[in-house]
Amino acid sequence: MKTCVIGMGYVGLPTAAVLSDAGHDVLGVDINKSVVSSVNDGKIHIFEPNLENMVKKSVSNDKLRASMIPEKSDNYLIVVPTPLDKSNEPDLSFINQVVYSISPYLEDECLIILESTSPIGTTLEVVEKIKSFRPDLFDSNSPNFYVAYCPERVLPGNVIEELIYNDRIVGGINSKSTQKAIDFYKTFVKGQIFPTDSKTAELAKLVENSYRDLNIAFANELSMICDSIDVDAWELISLANRHPRVNILNPGAGVGGHCIAVDPWFIVSDFPSQANIIRMSRKINDLKPKWVVNKILSLINSRESVACLGMSYKQDIDDTRESPSIEIANDLIDRLGKNRVNICDPYLKNMNGHELKTIERSIEESDLIVFCVPHSQFKNIDKKLIENKKILDLCGVLR
Ligand code: SAJ
């Protein structure tokens, strides 16, 4: 079975690796030439545990190739970004470009699956777009091919495991499409696969991430309330969580990543007057890094310097997309000058041209140590290093 995976990013590349491992002949397609050549060399351009070995093996077994141009395939998996524009409206131009680029290769009976986070109705719009390019693939109004939406649900840092073992939701544009897509996922998914329609599947993805955003917003709001009355938010949350039906998440530097900080806006954009708690949660989480900067400024005098530890958007990965720590560090550099801000992240080589220092050096050279992200390297830190320093532990790593 030949499968074309379009988009070789954080989800597309691991999916291509897992598919080829499961026996598919995979063509990975990407508009970035260097990504294509790195995959063809059996290398990876992102950090993800166990991925490099799988890619290397699949490339050397001729099960995985990459190209900038799609080819005729049995299955087309669309895994491209759907960013927000400046007014927080979803930008679907990558999906539209993919649909245009695969249209010449489509044939009767092929399967197209959209995995990119999408506003409700996008999968049906994909069908309409194909109709405009390839009316020959339709009998009256019905397509002779199959189309489904299946949201990816993988957690960066544990992608390979979750691609195989997570449950999946598959929503076709009709029941035959749903079944075809379920058969496709059964070739590599060991979790349960739940059938639905495309709109429900699209909304499920947005709802999952909004649910998490909302619950993190609650924790972040509590942390700011607690700070104002000198109560330890971590202690409070762990005590409240002893109630059998309470499970408060962890406060942090804010919410980063390309999913939770973005997806709720898709719902707000479509339902502006109904999505109030969803909008408010986004605002609270977006406010947190700004609050942190003010907190830091209140803890230092006019000569003291700050160490910001952890620049990725969460622990133990190198992904900096929408990272609140980067927002905090940049804001501090603007206000204090770069000589008073020491930045450290063991997973990164650089941050927008700013020098990254080792853990030891950034602590030595600073008066206030801010733990932004709970990387494992910080958990095992030598306590003597920080005993005479001011500490702001935003992520509970020292607990
Ligand atoms: N965070 C907190 N407190 C917490 C948990 C997380 O502040 O208690 C912060 C993290 O530090 C990070 C952000 O939230 O900045 C998001 O991290 P995350 O680990 O919660 O999620 P992501 O963005 O890495 O991945 C999410 C996952 N969705 C859910 O857990 C509902 C993943 O399953 C999705 O596949 C992914 O979004 C996506 O692609 O949509």
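Things worth noting here:
- Comparison of Glu107, Glu115 shows that the only residue that is modelled with pLDDT of 95 or more and farther than 30 Å from Asp316 by Cα is Glu107.
- With respect to (1) open to solvent by less than 60 Å² (accessible area, probe 1.4 Å); (2) within 10 Å of the ligand (Cβ to nearest atom); (3) of a type outside the set (Asp, Glu); (4) under 30 Å from Val147 (Cβ atoms), the lone exception for Tyr211 is condition (1).
- Looking only at the range 185-202, residues that are surrounded by 22 or more Cβ atoms within 10 Å (Cβ to Cβ) and either within 30 Å of Leu287 (Cβ to Cβ) or out of contact with any Gly (no Cβ under 8 Å at 6 or more places or on another chain) (or both) come to 1 in all.
- Only one of the listed residues (Val255, Val246) is within 16 Å of the ligand (Cβ to nearest atom), open to solvent by less than 70 Å² (accessible area, probe 1.4 Å) and closer than 18 Å to Gln315 by Cβ. That residue is Val255.
- Checked against the criterion of being at pLDDT 95 or above, part of a loop (DSSP other than H, G, I, E, B), over 30 Å from Ile44 (Cα atoms) and open to solvent by 20 Å² or more (accessible area, probe 1.4 Å), the range 303-326 contains one or more residues that satisfy it.
- Comparison of Pro264, Pro374 shows that the only residue that is within 16 Å of the ligand (Cβ to nearest atom), open to solvent by less than 70 Å² (accessible area, probe 1.4 Å) and part of a helix (DSSP H, G or I) is Pro264.
- Filter result for Ala219 (within 12 Å of the ligand (Cβ to nearest atom), open to solvent by less than 10 Å² (accessible area, probe 1.4 Å) and modelled with pLDDT of 95 or more): yes
- Residues that are touching a residue at least 60 places away in the same chain (Cβ under 8 Å) and touching a strand residue (DSSP E or B) at 6+ places or on another chain (Cβ under 9 Å), drawn from the range 327-370: Ile328, Glu365, Ser366, Asp367, Leu368, Ile369, Val370
- Residue in the range 169-184 that is within 16 Å of the ligand (Cβ to nearest atom) and either open to solvent by 70 Å² or more (accessible area, probe 1.4 Å) or of a type in the set (Ser, Thr, Tyr) (or both) present: no
For (1) under 23 Å from Pro151 (Cβ atoms); (2) out of contact with any Asp or Glu (no Cβ under 8 Å at 6 or more places or on another chain); (3) of a type outside the set (A, V, I, L, M, F, W, C), each residue gets a yes or a no:
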| residue | (1), (2), (3) |
| --- | --- |
| Leu27 | yes, no, no |
| Val55 | no, yes, no |
| Lys72 | no, no, yes |
| Val79 | yes, no, no |
| Asp85 | yes, no, yes |
| Asn88 | yes, yes, yes |
| Leu106 | yes, yes, no |
| Leu111 | yes, no, no |
| Pro119 | yes, no, yes |
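The values are calculated or read from the model by the stated rules, or taken from the named source; none is laboratory data. For clarity, every value in this text was computed on a predicted model and none was experimentally measured. Backbone-built Cβ (ideal geometry, glycine too); neighbour counts: all protein chains shown. SASA here: full protein model, heavy atoms, side chains in, ligands and nucleic acids out. Shrake-Rupley method; radii C 1.70, N 1.55, O 1.52, S 1.80 Å.
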